[in-house]
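Asks: One structure, as structure tokens, below. Some questions next.
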Amino acid sequence: MMAMGAEGTPWRPARLFFLVVALLLLTAFSGNPFFGAEMLARAGDQHYAAGEFTFALRVYGQARADLGWRADFSMRLGQANEALHRWDDAREAYAAASRARWTEARALAGLTRIALAEGDTYSAARLWERAAHYAGSDAEVVAGYAHFLWQRGEFAKARDVVARWLHLSPSDAEARYRMGVLALLEGNAAEAETHLQITAQGPGGARSTAAAMLAALHGGYEPDSVEFYLRIGVALLGLGEYRPARLLFQKAREQTPDSPVAGAYYAYCLALAGDEAGAMGILRDVAHSSPDYPLVWYFLGELERRAGRPAEAKSRYLRLLKLDPENSAACVALGDISASEGALAEAEAWHQKAVKFSPDDGQFALAMARFYVDRLVSVRDKGITVAKKAAELLPGDPAAHDVLGWAYFLSGDLASAKHALEAAVRLDGRSAAARYHLGSVYYAWGNRENAIYHLTRAVDAGPDGRYAALARDLLRNMRANPE
């Protein structure tokens, strides 16, 4: 019987079949190495586009072995090695590709990403400037340089680069969204609204992000007011944009130095940027001057927990609950601390409170489901029940379906586990957790072919992560115990 894939179609061996066909064609046309290598490159591109980096690496390696002088083959090989965090091999391939004019910019961008992965920000900055200089009309390289500057918080320098990116790719929603954010940082609300309106009316993931920013812009506050800075800053922080948010909170603090809201949010952004000592000092000052402001206690709890001081963190969260008795976020944090200390009954009670206080918020149901699954507590009854609720409340969240699938697996219901995990993979094919879990289901079912495929994809999705390590262990076990 033919194995079925995550989408219910004849399974991924179809991709392996494509690879076999390509190899056969290479043999058939051995008198024309250009044709065979091109076929292999196309097969590799199919794998790479699907996130199948291990398979892509094998194919690209063969293509390059046949036509090693082709810079574009070296470029492809570098990208596959980079995706698998094989830094030395990626560096060698990119260095070869950088010697050709038509691949120089992208190869330099690849060398930059390797430098960043290895913590060499000085070399990365120099390499990005060179890559952008040689990029010409290559929007992908220019976009990469813009991302780099954005991550460093160099927004003034980023403006010209983002503008160049948008000029090269006018329909790129992310480029236009970033222009809108930059306009906000410069105090130009009208320009920002123009860019965000265009983004919100277009396709892609940036659409909802732009809509959230527009909602904040239409809050009725005058630009250059404290309320405006706070509202936009909170919206950006909610979208994970803590770097530009920090600048807006800083502007709010400059106008109202005693504002506990501006101070607390600014400090939290500092912590996210890595300055935890500076953040802690500001938060303690805010807690001293405004002890009745609840959020400062939550931020203090988060920093104490991150610093490895659970007792201090617990006292901060409890202080918050005295001011806001139904704060679900504080309940989840206390549940996590209790679970880490082995107090599972206490942890469960905190999670139950969080769900009770926010019954329509799927994130709290998901946190509770994770507690049952991770701690192997009441998975068959309570775990599956609350995981179902999380998946119902968060139908588009792959993590919710992943946790539900793993709860079913732990309960021995392989059919239901497969159904839920396939949903998770459809929503996010590059989730290392979902791929590992689905591979484990197929392994338990005795379907080695599908198990190997999904476990390999788990490694591809996060080569240095926990699930990649688990997947490698299971793959080693399968190789040691062949059928």
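We did not get these values from a lab; they are worked out from the coordinates using the rules stated. As the structure is a prediction and not an experimental result, all values here were calculated from the model. Positions of Cβ are backbone-derived with ideal geometry, glycine not excepted, and every protein chain shown enters the neighbour counts.
Asks: How far apart, in nm, are the 7 Å Cα→Cβ label points at residue 122 and residue 445?
Replies: 5.4 nm
Asks: What does the charge count around residue 158 come to, taking other residues whose C-beta lies under 10 Å from its C-beta (Lys +1, Arg +1, Asp -1, Glu -1)?
Replies: Net charge in that neighbourhood comes out at +2.
Asks: Place the peptides 223-229, 76-82 in order of packing, highest mean first, counting for every residue the other Cβ atoms within 10 Å and averaging per peptide. Before the final figure, lay out each step's value.
Replies: Details: 223-229: 16.9, 76-82: 25.4.
My ranking of the peptides, most packed first, is 76-82, 223-229.
Asks: When a/c is below 1.5 the answer is rounded, else prolate if a/b is larger than b/c, else oblate, so apply that to region 151-219 with a ≥ b ≥ c taken from the square roots of the Cα gyration tensor eigenvalues.
Replies: oblate
Asks: Starting from the Cα of residue 392, step 7 Å along the direction of its Cβ; do the same at residue 101; then give the gap between the two resulting points in nm.
Replies: Here the answer is 6.4 nm between the modelled labels.
Asks: Measuring from a point 7 Å past the Cα of residue 171 along Cα-to-C-beta, which residues in region 47-87 have an amide N at less than 20 Å?
Replies: Under 20 Å, as judged by backbone N against the label point of residue 171, lies no residue of region 47-87.
Asks: Between residue 284 and residue 323, what FRET efficiency comes out of the Förster formula 1/(1 + (r/R0)^6) with R0 = 22 Å and r the beta carbon distance, rounded to 0.05?
Replies: It comes out at approximately 0.85.
Asks: While we're looking at this one, here's another question. Does region 293-356 classify as rounded, prolate or oblate by the C-alpha gyration tensor (a ≥ b ≥ c root eigenvalues; a/c under 1.5 gives rounded; else a/b over b/c gives prolate, otherwise oblate)?
Replies: Oblate.
Asks: If you stretched the chain out fully between residue 307 and residue 345, how much longer would it get, using 0.36 nm times the residue separation minus the C-alpha to C-alpha distance?
Replies: 11.2 nm
Asks: Which of (1) 25.4, 81; (2) 39.4, 140; (3) 24.2, 80 is the computed Rg and Dmax of the Cα atoms in Å for the structure on display?
Replies: Matching entry in (1) 25.4, 81; (2) 39.4, 140; (3) 24.2, 80: (1).
Asks: Kindly state, to the nearest 0.05, the FRET efficiency for residue 481 paired with residue 72, given R0 = 30 Å and r defined as their beta-carbon distance.
Replies: 0.15
Asks: Does region 100-202 come out rounded, prolate or oblate by the C-alpha gyration tensor, with a ≥ b ≥ c the root eigenvalues, rounded set by a/c under 1.5 and, if not, prolate when a/b is larger than b/c and oblate if not?
Replies: Working: a/c = 2.67, a/b = 1.69, b/c = 1.58.
Prolate is the answer for region 100-202, as a/c is 1.5 or above and a/b outweighs b/c.
Asks: Hey, got a sec? Which GluC sites (Glu not before Pro) in region 271-380 land in a DSSP loop and have at most 16 other Cβ atoms within 10 Å?
Replies: Here the GluC sites (Glu not before Pro) that fit, given the DSSP loop and packing criteria, are 326, 341.
Asks: Moving on. Which FRET efficiency value, to the nearest 0.05, do you get for residue 415 and residue 466 by plugging their Cβ-Cβ distance into 1/(1 + (r/R0)^6) with R0 = 45 Å?
Replies: The pair residue 415/residue 466 has a calculated efficiency of 0.95.
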